[in-house]
Amino acid sequence: MKRIQFHSYGGPEEMRLEEYQLPELADDEIRVRVKVASINPVDWKIRRGAMKIMTGRKFPRGMGQDFSGVVEAVGFGVKRFEIGDEVFGTTPVKTSGSFAETLITKEAFAFEKPAALTHQEAATLPVAATTAWIALARKAQLKAGQTVFINGAYGAVGQAATQIAKAMGATVVGRVRADSMNAAKAMGVDTVLDYGQPIQSHLMGKFDVVFDTHGGLPVAEERRLAKRGGTILDISPSSTKMLRIVLSRNHHFVMGKQNEATLREVAELARNGKLKLSIGRVVRLNEGIDLIRALETGSRIDGKGLIAMEAA
C-alpha cells in the first residue's frame, strides 16, 4: 500500500509517496479503503511540527485526516460498522494518515456516509464542518434570529459556518475576496463584504457572534463588531489573540472535534441538503504532494483540494 508520509518534521520537501504497512487492528479500530481524502491546513501544520507535543517523534508519519471510503476490516469491539459499509471521518491527530490507499482509525472517529453524498462530497466535511458546528452550536450557542459576522465566509470553514448558521435561523454577514462575492451570495450569505474594503462603521456593535475563520481580523476590530456580551470565535489565533482568549469569557479558540456526535450533526445537515462545501480540485495520489505543496505555499483554488485514490 502507498501513502504520503514524512520521516522528520519540516517543510514540503519532507513529503514522500512511499510503501507502508499498517499495524494490526486494535479492538476499537476499523480499517478503511480510502476513496477520497481532503486537504486541510492542519495537515501541513502537523508535518511542520506545530503539534509535536501530541504527535510525538515516531517516524515515518502519515499525512491527512479527512477521508471517505469503505470499511475493509473491524476490530473485535467495533459495534457500529461492518465490512463493506461506506463511512467518512478522520484519523486521530496522533496517527494521521488519510492520504493513503488504506488507513486505520478509531470507530469513534467515523460515521456512516449519507447515501445521497458522493465520496468526494463526504470527504470535504469532517474537519471543516465539525469545526464550524462546534463554534456556532456549542461555543456560541447560536439561536434563530441572531446575527453572525463571518470573516472568510467562502473558505472551507467559512462555507460550513455560513450554511450551519443559516440552517439554525441566523442572519449572516460574510467577508470574502472580491472574486468570491457572487459565489458567497449564491451560497446564502445575506450581506457580502469585500476584503479589500474597510468594514463600515454602521456595522460595529451589531453582531451576536463574530467568527474569524480567516485569521485576519485584529482583536480590536472583532470586539468593535460584537454586541456587548457577544461571542468572538477564532480558529487560527495569533499569540496576541490567544492571550485575549485566555483572559476573556466570551472569546473562544475553536478546534474541530470529530466524533460520533459531531459527525452525526454534519451528516444530518448534508443529508438534508443544508450543507455542501465546494470542491476546487481533485488529483490522484501520485499528484497529491504537488497539490499539498501548492496550497501550503499560497496557491488558491476555489474550493477544497481532494486526493482521490480511484474514481469516486
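Can you tell me which condition Glu268 does not meet? The list is (1) surrounded by fewer than 17 Cβ atoms within 10 Å (Cβ to Cβ); (2) under 23 Å from Arg33 (Cβ atoms); (3) modelled with pLDDT of 95 or more, and all the others hold. All conditions are met except number (2). Of these, Val32, Val74, Val70, Val78, which one is surrounded by 24 or more Cβ atoms within 10 Å (Cβ to Cβ), in contact with a strand residue (DSSP E or B) (Cβ under 7 Å, 6 or more places away or on another chain) and of a type in the set (A, V, I, L, M)? From the options Val32, Val74, Val70, Val78, the qualifying one is Val32.
Among helices (runs of 4 or more DSSP H) entirely within segment 29-127, having at least 2 residues that are of a type in the set (Asp, Glu), assigned by TED's automatic domain parsing to the domain that holds Gln159 and at negative phi singles out no element at all.
Annotation: of all residues in segment 92-118 being farther than 20 Å from Leu277 by Cα and of a type in the set (Val, Ile, Thr), the one that is surrounded by the most Cβ atoms within 10 Å (Cβ to Cβ) is Thr105. Against the condition surrounded by fewer than 19 Cβ atoms within 10 Å (Cβ to Cβ), charged (D, E, K, R) and touching a helix residue (DSSP H, G or I) at 6+ places or on another chain (Cβ under 9 Å), how does Lys304 come out, does it pass? No. One residue alone among Ala26, Ala123, Ala110, Ala73 is in contact with a helix residue (DSSP H, G or I) (Cβ under 9 Å, 6 or more places away or on another chain) and of a type in the set (Gly, Ala, Ser), and that residue is Ala110. Evaluate the following for Asp208: is it touching a Gly at 6+ places or on another chain (Cβ under 6 Å), not hydrophobic (A, V, I, L, M, F, W, C) and not assigned by TED's automatic domain parsing to the domain that holds Val87? Answer is yes for this residue.
Being under 17 Å from the mean Cα position of the chain (by Cα), within 18 Å of Gln141 (Cα to Cα) and of a type outside the set (Phe, Trp, Tyr) is a property that holds for Leu233.
Does Glu86 fit the bill of being surrounded by fewer than 17 Cβ atoms within 10 Å (Cβ to Cβ), more than 22 Å from Val254 (Cα to Cα) and acidic (Asp, Glu)? When the stated conditions are applied, Glu86 does not pass them. Looking across segment 1-26, just one residue is of a type in the set (Asp, Glu), under 28 Å from Phe76 (Cα atoms) and either within 22 Å of the chain's Cα centre (by Cα) or outside any loop (DSSP other than H, G, I, E, B) (or both), and that is Glu19. Of the residues Leu243, Leu295, the single one that is closer than 23 Å to Ala50 by Cβ and more than 20 Å from the chain's Cα centre (by Cα) is Leu243.
If only one of Arg293, Arg281 is at pLDDT 95 or above, in contact with a Gly (Cβ under 6 Å, 6 or more places away or on another chain) and among the basic types (Lys, Arg), which one is it? After applying the criteria, what remains is Arg281. When Ala270 is tested against the conditions (1) outside the structural domain of Glu13 (by TED's automatic domain parsing); (2) free of Cβ contacts under 8 Å to residues at least 24 places away in the same chain, the lone failure is (2). Selection of segment 128-150 for residues being assigned to a helix (DSSP H, G or I), closer than 21 Å to Ser38 by Cβ and in contact with a strand residue (DSSP E or B) (Cβ under 9 Å, 6 or more places away or on another chain) yields Ala128, Ala132, Ala135, Leu136.
The values are calculated or read from the model by the stated rules, or taken from the named source; none is laboratory data. Every value quoted in this text rests on a predicted model; they were computed, and no experiment measured them. Quick reminder, even Gly has a Cβ in these numbers, built from the backbone with ideal geometry, and neighbours come from all protein chains shown.
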